[in-house]
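Novice: Got a structure here, written out as structure tokens. Questions coming.
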Amino acid sequence: MLLNTIREVTEITGITVNALRYYDSKGLLSPTVRNPDGRKEWLYDDEAVRRAKRILLLRRIGIPVESISLVIGSAERMDDAMLRARLEELREERKIIDEQISVASMLLLLDELSSDAEVKDDLLDKMFEKICLDE
């Protein structure tokens, strides 16, 4: 069985030593072997490294640390329902962000196209009615 030091795991995964220790304290990722001679050398097997990667990916999609243990089951299988729910949340967030980008782009374009304050105000009013009142 190949074991990786905590430093090697940080190089493989990009997770910091402090984060690995934090995940250990939360019961998410424990080292496979703790050096019994009192030193703080932690060793991780391949399965622990895979679990670290899963944790990092879940963090990347915004799953809070407190919920990760619910997403990764005892059989190391991800909870499909929770992942599908997060995917839907992300799609909704993207929709909101896309709308914000669109409005910001239109405001910039409006500002660039018209130097006439009266025309700009008229266009702004129309834009407001279309975007905010037609919801």
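Residues checked against (1) β-branched (Val, Ile, Thr); (2) at pLDDT 85 or above:
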| residue | (1), (2) |
| --- | --- |
| LEU20 | no, yes |
| PRO31 | no, yes |
| ARG39 | no, no |
| ILE55 | yes, yes |
| ILE68 | yes, yes |
| ILE101 | yes, yes |
| SER115 | no, no |
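Novice: Can ARG84 be described as within 30 Å of ASP24 (Cα to Cα), of a type in the set (Lys, Arg) and at pLDDT 85 or above?
Specialist: It is true that ARG84 is within 30 Å of ASP24 (Cα to Cα), of a type in the set (Lys, Arg) and at pLDDT 85 or above.
Novice: Could you please give the count of residues in the range 82-106 that are in contact (Cβ under 8 Å) with a residue 12 or more places away in the chain and farther than 30 Å from SER69 by Cα?
Specialist: Looking only at that region, the number is 2.
The values are calculated or read from the model by the stated rules, or taken from the named source; none is laboratory data. These numbers come from a predicted model, not from an experiment. All Cβ positions, even for glycine, are placed from backbone atoms using ideal geometry, and neighbour counts span all protein chains on display.
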